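I have placed the structure first, in the form of structure tokens, so that the comments after it can refer back to it.
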Amino acid sequence: MTYDTSRSSPSQTMVSKQSTRMTLVTSKLEWSIQNFIKLTQLLKNGRAMMSKQFFSPQAPKILWEFHLYPSGKREEDANCISVFLRQVGMELNEVVHADGSIFLVCELEFLLPGVKVGLESPAGANRGLSYPQELFLRAANREMWQKELFTDCEIQVGTKSFFAHRCVLGQHSNVFRSMFAQSIMLEAKNRKLIITDADPLQVHAMLEFLYTGSICLDQMDLLAEGVLCLADKYAIVTLKLHCELHLASKLSVANVPQMVVVADAYFASVLRKECVRFVGDNVSAVFRNDQWKELKQSHAELVSGVLEEVLMDQEDLSSVDACSSDDGIENSFDLQDSHKMRSS
């Protein structure tokens, strides 16, 4: 899912009925959200994501940000996407126009219900892979990996060896790329990487993701923490997000103390945010949990930081509620729609 709303366009001038000349300033933000379907399951109704703030160089004090509710803002918006455009950065006594008004132009592109993009689509539909093509590519990559076709490096984990392609490893990880690109590195000289802090199943799952973009769900339930450690160590951003989302989807009163520690250890910001939200939604139950009480003793500073974020999160939600009344800017779209939004 892509929000295409920070590039300035040439200023345009228009004349109002009172012959007041106004300069139109355009700013643009592209916001690409991966694994959006999982986010709709993860973020409950009333929970929002925020884009980064963007602005036009012609008006740097006027900042904008999107608030996106994957499961809707209110109960009546359930199963819909709610989108708010929020203006920030100006003091109350600073208004955009003399009368306090603002002029906005929004462009929305989306596929009509029932329209499918596939092999039989007309010219121009090659903007993305159709489902059968993607399956074919994944199957081909999996076969290339499993049959070790033209592999050119070895990954050793204990007594187990995996054979892979340096180009595939380097494509997904700057760490791997540096290892194999610099001639002074042992990995580049020997074309061999030795991993001592993981088990073979975790490395196998990592390679499966690098070649196919997915990991067997049953394996993820068992290996997600270990694979997250590998993803963080080797800076595999997409795999790290994959693991964080999976762990976040399994949060419970029993395991949230452990997940808070995991998120902190591996700088897992997505998982940490979801832990904060879970604690905020289940304060009483979490506080009564014995593991949480132990965490307060062993990681007092970490717990203090999480609770501070819980309070800040609740304050932010209250602020958004105040800014997103019926007089605000809101659009709701059916979850089945594929869409792109430009905001000027």
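The values are calculated or read from the model by the stated rules, or taken from the named source; none is laboratory data. The structure displayed is predicted, hence computed values, not measured ones. Virtual Cβ from ideal backbone geometry, glycine too; neighbours counted across all protein chains shown.
Residues that are touching a helix residue (DSSP H, G or I) at 6+ places or on another chain (Cβ under 9 Å), closer than 30 Å to S214 by Cα, outside any loop (DSSP other than H, G, I, E, B) and among the aromatic types (F, W, Y) do not occur anywhere in the stretch 285-304.
The condition of being surrounded by fewer than 15 Cβ atoms within 10 Å (Cβ to Cβ), assigned to a helix (DSSP H, G or I) and of a type outside the set (D, E, K, R) holds for L222.
Is it fair to say L335 is modelled with pLDDT under 85, within 24 Å of W31 (Cα to Cα) and of a type in the set (A, V, I, L, M)?
On the way: modelled with pLDDT under 85: yes; within 24 Å of W31 (Cα to Cα): yes; of a type in the set (A, V, I, L, M): yes.
Taking the combined requirement at face value, the residue satisfies it.
I'm trying to understand the selection: among the residues of the stretch 254-272, which are more than 14 Å from C229 (Cβ to Cβ) and surrounded by fewer than 18 Cβ atoms within 10 Å (Cβ to Cβ)? The answer is A254, N255, S269. The residues on offer are M144, M179, and the sole one that is touching a strand residue (DSSP E or B) at 6+ places or on another chain (Cβ under 8 Å) and surrounded by 15 or more Cβ atoms within 10 Å (Cβ to Cβ) is M179. For the stretch 248-263, which residues satisfy the criterion of being modelled with pLDDT of 95 or more, out of contact with any Cys (no Cβ under 7 Å at 6 or more places or on another chain) and in a helix (DSSP H, G or I)? P257, Q258, V261, V262, listed by residue number. Checked against the criterion of being in contact with a Leu (Cβ under 9 Å, 6 or more places away or on another chain) and modelled with pLDDT under 95, the stretch 308-323 has no qualifying residue.
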